[in-house]
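What follows is a set of notes on a single structure, which appears directly below.
The values are calculated or read from the model by the stated rules, or taken from the named source; none is laboratory data. Owing to the predicted nature of the structure, the values given are computational and were not obtained by experimental measurement. Counting neighbours? That spans all protein chains shown, and the Cβs are built from the backbone with ideal geometry, glycine included. Just the protein is used for accessible areas: all its heavy atoms, side chains included, with ligands, DNA and RNA removed. Shrake-Rupley method; radii C 1.70, N 1.55, O 1.52, S 1.80 Å.
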Amino acid sequence: MSNINIPILMYHSVESMPKSTVMRSLHVPPRKFKLQMWMLKKLGYKGLSLNKLKPYLDGEKRGKVVGITFDDGYKNNLINAAPILLKYNFSATCFIVSERIGASNIWDLEKKITQRPLMSKNEIKEWINLGMDIGAHSKTHPDLTSISFDKVKEELFDCKRDLEDFFKIPISGFCYPFGRLNESILNEVRNSGYSLAVTMQRGRVQRNTNIYNLPRIPVNHRTLPHLFLVKILTSYENNKK
């Protein structure tokens, strides 16, 4: 990569939730999301899906850009986030768990995290038709570091194959479930035909960043406007673990 310094934002759910919600921080209220996108636009940034961001990551293009990603594929990404993205002519990538389409975030049940509906196939098609992008988030959302390597290969390959079969588009991006990976898993993501992968490691994409180990900037319920600006405009996230 050339000399770059690109933030990739990490969202999950875009929905207003009651204070009693377990892991409420995962849910960004639509009004906060709208303000954040407005601030990006006012600052002169272009919000891009990872497919559209890739030339900037590779150093082939230059510009004031931010990657926008959503993990898990919640229905509220389509209902609440997509209209705001379209208003500002932004695009985004939603990472889909292929065997949980139309279900809920059942991988969080043991932690008693609030269940929210995931997009159905038709809703994902609508997301794509709006000019948005999808990527792979594994087949069932396991911790890839805790299962056999044969299972890892199945989770990676089957998710890509199934999403491409369902939606008739190439799937080039991968998101590690729970952000957990090791060198063997990273290499298998490459071997499975993906061209990039994002993590939960905090920071910006810089020169010499491994394209299969891309850091992101988390945005959650507690990300107030001043903190959002600090995350975007300074090296604040580069110092976070």
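Rolling a 1.4 Å sphere over the protein heavy atoms, what is the accessible area per residue of the chain, to the nearest Å²?
Working: 10730 Å² over 241 residues.
Result: 45 Å² per residue.
Could you please report the charge total around GLU126, scoring K, R as +1 and D, E as -1 over all other residues with beta-carbon less than 15 angstrom from its beta-carbon?
Numbers: positive: LYS75, LYS121, LYS125, LYS168; negative: GLU123, ASP133.
Once positives and negatives cancel, what remains is +2.
With a cut-off of at most 12 other beta carbons within 10 Å, and DSSP calling the residue loop, which GluC sites (Glu not before Pro) in the stretch 37-131 qualify? Please list them.
On the way: sites: GLU60, GLU99, GLU110, GLU123, GLU126; in loops: GLU60.
Sparse-neighbourhood loop GluC sites (Glu not before Pro): GLU60.
Which one, LEU163, LEU224, LEU26, has the greatest fluctuation when you compute a Gaussian network model over the chain with C-alpha springs under 10 angstrom?
The residue with the greatest mean-square fluctuation here is LEU224.
So how far, in whole Å, is the C-alpha centre of the stretch 1-72 from the one of the stretch 91-170?
19
Stretch ARG180-ARG207 to full length: gain in nm at 0.36 nm per residue minus the Cα-Cα span?
Details: separation 27, 0.36 × 27 = 9.72 nm, distance 2.26 nm.
Stretched fully, the ARG180-ARG207 segment lengthens by 7.5 nm.
Subtracting the Cα-Cα distance from 0.36 nm times the residue separation, let me have the gained length for ASP58 to LYS112 in nm, one decimal. Let's see the in-between values first.
Working: separation 54, 0.36 × 54 = 19.44 nm, distance 4.00 nm.
Fully extending the segment from ASP58 to LYS112 adds 15.4 nm.
Convex hull over the alpha-carbon atoms of the stretch 137-201: what's its volume per residue in Å³?
Details: hull volume 4.8 nm³, N = 65.
Dividing the Cα hull volume of the stretch 137-201 by its residue count gives 74 Å³.
Percent antiparallel among DSSP beta bridges with both residues in the stretch 1-141, to the nearest 5?
Working: 2 of 18 bridges.
Looking only at bridges with both residues in the stretch 1-141, the antiparallel portion is about 10 percent.
Roughly how many debye, to the nearest 20, is the charge dipole of the stretch 73-204 about its Cα centre, given +1 on each Lys and Arg Cβ, -1 on each Asp and Glu Cβ, and no other charges? Don't jump to the answer; show the numbers that get you there.
Values: 18 positive and 16 negative charges, 90 e Å.
Value, rounded to 20: 440 debye.
What is the percent carbon and sulfur in the accessible area of the chain, measuring with a 1.4 Å probe over the protein chains and ignoring ligands?
Working: 5340 of 10730 Å².
Within the chain, the accessible surface is 50 percent carbon and sulfur.
Taking 0.36 nm per residue of sequence separation and subtracting the Cα-Cα distance, how much length would be gained by fully extending the chain between GLU99 and LYS87, in nm to one decimal?
Details: separation 12, 0.36 × 12 = 4.32 nm, distance 3.13 nm.
In short, 1.2 nm is gained.
Using DSSP, restrict attention to beta bridges with both residues in the chain and report what percent are antiparallel, rounded to the nearest 5.
Details: 4 of 28 bridges.
Expressed as a percentage, antiparallel bridges in the chain total about 15.
Over the chain, calculate the relative contact order: mean separation of alpha carbon pairs under 8 Å at least 6 apart, over the residue count, as a percent.
Relative contact order of the chain: 22 percent.
Just PHE33, PHE228, PHE166 to compare: in a GNM of the chain, with alpha carbon springs under 10 Å, which one fluctuates most?
Of PHE33, PHE228, PHE166, the most mobile in the Gaussian network model is PHE166.
Can you give the Rg and Dmax of the chain based on its C-alpha atoms, in angstrom?
Just the Cα atoms of the chain yield Rg and Dmax of 16.6, 47 Å.
Estimate the FRET efficiency between ASN220 and ASP150 by the formula 1/(1 + (r/R0)^6), using the beta-carbon distance for r and 41 Å for R0, to the nearest 0.05.
Numbers: r = 35 Å, r/R0 = 0.85.
The calculated FRET efficiency here is 0.75.
Given the C-alpha atoms of the stretch 194-241, compute the convex hull and give its volume per residue in Å³.
Working: hull volume 4.1 nm³, N = 48.
Dividing the Cα hull volume of the stretch 194-241 by its residue count gives 86 Å³.
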